[in-house]
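The values are calculated or read from the model by the stated rules, or taken from the named source; none is laboratory data. What you see is a predicted model, and the numbers here were worked out from it, not measured in a lab. We place every Cβ from the backbone using ideal geometry, glycine too, and count neighbours over all the protein chains shown.
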Amino acid sequence: MRRPLLLLALACLPACKTATTSGSGRAKGPAATESGAFGTPIAGADDSPLDPTTTTSGAFANPGGPRAGRDSRAEDRERIADLKAPDRSAPPPGPPGSSKDHPLPTCGTTGSYVAVADAECEDGTRPFDGDIPKGMRARRGNVGPNKDGHIIDLYEVPCPEGLQKIFVDMYGCDRAQPSRSEFERDTYVRDAFLVGDHARFSERCFAEEARGPDRVSLMLQSCLPAMPTALREQGKLPEARAWLARYCAGTPPPTVDEPKRWTYFRNVLEALDALRQQQGRSEADRARERKQIAAEYAKVCDVDLKAYEAWLKDNPE
């Protein structure tokens, strides 16, 4: 059975990001991290710290063993001489995103857009304020592969101090950290929606919706399918239906080639199922309620349930 997207998002806290590498060393781009209806940084050093228990074991471990007959102290001096002092004149690499060889690690294209949308200027302001389309439009192209063989994208963010260049590695899934928007989204899902604080969740969603019809944020993407359930749980059935009708109407009539409304309809039902699963309801109880609510919501969204169920059978993921 397909796991509810809400629970998938929570399972990814603080980050649900993995990457594999090909023989060339370039990471393969992730597919799963870019969906996320409930649902996308500090780079680690390349060199691990010097470990004296392994580095010098040959020099000191066995003075009477196979090296007998050699001056072990001379060998120790040779080993020590091979250790190079760090270049103190080299400048520090700077924060992640500051250069092609020190990029901001993200996971997938959507993860990159979200990270850039959350970018802060020197004075702490966020010019894009989490608006994903603005982050996407800030891309200026790629600057080719870096030292790890990853193609690096260049973004420009308008700041009071001037254009801030951000170099992004969309293949850095293993090092990517949750952005501000990802953290907020996951917090509201986990600490408000799933625990039953639906008034708090609804208040945040209404505030996000009011920020503009063209704004797209991770928070709003979580609100869209979860709000019918959040409002219904508060006894606000007319408001729940009004929210559902508004966003179903924003999608074209559903067909196999244009299934956006079916996808939204499925996500609404999965948000309800995720809450009931968190509450410990049995599968049988959840199935009965899901069938009842699907019949009710199908009228609101003008969805043919038989056509929807046929599509769902062919598209379980």
Practice problem: Evaluate the stretch 297-317: report whether one residue or more is closer than 25 Å to ARG190 by Cβ, touching a Lys or Arg at 6+ places or on another chain (Cβ under 9 Å), among the acidic types (Asp, Glu) and not in a helix (DSSP H, G or I). | Solution: yes
Exercise. Write out, first by first residue and then by second, each pair whose Cβ atoms fall under 6 Å of each other, whose residues are 6+ apart or on separate chains, and whose first residue, in the stretch 173-193, is farther than 19 Å from VAL216 by Cβ while the second is buried (at least 23 other Cβ atoms within 10 Å of the Cβ).
Key: CYS173/CYS107; ARG175/PRO105; ALA176/PRO105; ALA176/THR106; ALA176/CYS107; ALA192/PHE201; PHE193/PHE201; PHE193/ALA226
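Looking at this structure, is THR251 touching a Phe, Trp or Tyr at 6+ places or on another chain (Cβ under 7 Å), surrounded by fewer than 17 Cβ atoms within 10 Å (Cβ to Cβ) and not aliphatic (A, V, I, L, M)? Spell out the reasoning first.
On the way: touching a Phe, Trp or Tyr at 6+ places or on another chain (Cβ under 7 Å): yes; surrounded by fewer than 17 Cβ atoms within 10 Å (Cβ to Cβ): yes; not aliphatic (A, V, I, L, M): yes.
Judged against the criteria, THR251 is a match.
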Quiz prompt | Within the stretch 230-244, considering residues that are buried (at least 16 other Cβ atoms within 10 Å of the Cβ) and closer than 18 Å to TYR264 by Cβ, the one nearest to the chain's Cα centre (by Cα) | solution = ALA230
Quiz item: How about the stretch 163-179: which of its residues are out of contact with any Phe, Trp or Tyr (no Cβ under 8 Å at 6 or more places or on another chain), modelled with pLDDT of 95 or more and charged (D, E, K, R)?
Solution: ASP169
Quiz item: In the stretch 276-310, how many residues are of a type outside the set (S, T, N, Q), crowded, with 16+ Cβ neighbours inside 10 Å and over 21 Å from ALA245 (Cα atoms)?
Solution: 2
